[in-house]
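Here's the structure we're looking at; comments come further down.
Derivation of every value follows stated rules applied to the coordinates shown; laboratory data play no part. This one's a predicted model, so the numbers in the text were calculated from it and none came from an experiment. In this analysis, Cβ positions are derived from the backbone assuming ideal geometry, glycine residues included, and neighbour counts consider all displayed protein chains.
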């Protein structure tokens, strides 16, 4: 797979794991906190197994700011899908506008120097 595409795929997988690690326990409020922390750490370990290679491979074709921006946009997309499908929360116009503004910022990171 291309070094331009592989980091994106790895970041998507990484963010799915991290979203479950950070927010998946919200459906298990009856579990003791220490249990959800331990399970979250195990899930986060899998996340790191994708995030670290994504950044190592990605840095051969992207700069650090571009990698971080990709990660943030991917996080928003993954979290939006997760919050609607897994947590059953609503995605509102306010969310869409806020995320759109963040994506506009991402555009300028990838656009290059202005002027």
Going through segment 35-86 one residue at a time, which ones are surrounded by fewer than 19 Cβ atoms within 10 Å (Cβ to Cβ), touching a residue at least 24 places away in the same chain (Cβ under 8 Å) and outside any helix (DSSP H, G or I)? 60, 61, 86
Here the residues within segment 17-33 that are touching a helix residue (DSSP H, G or I) at 6+ places or on another chain (Cβ under 8 Å), surrounded by fewer than 19 Cβ atoms within 10 Å (Cβ to Cβ) and either part of a helix (DSSP H, G or I) or in contact (Cβ under 8 Å) with a residue 40 or more places away in the chain (or both) are 22, 23, 24, 25
Listed residues 98, 112, 105; which is surrounded by fewer than 16 Cβ atoms within 10 Å (Cβ to Cβ), within 17 Å of the chain's Cα centre (by Cα) and free of Cβ contacts under 8 Å to residues at least 12 places away in the same chain? 98
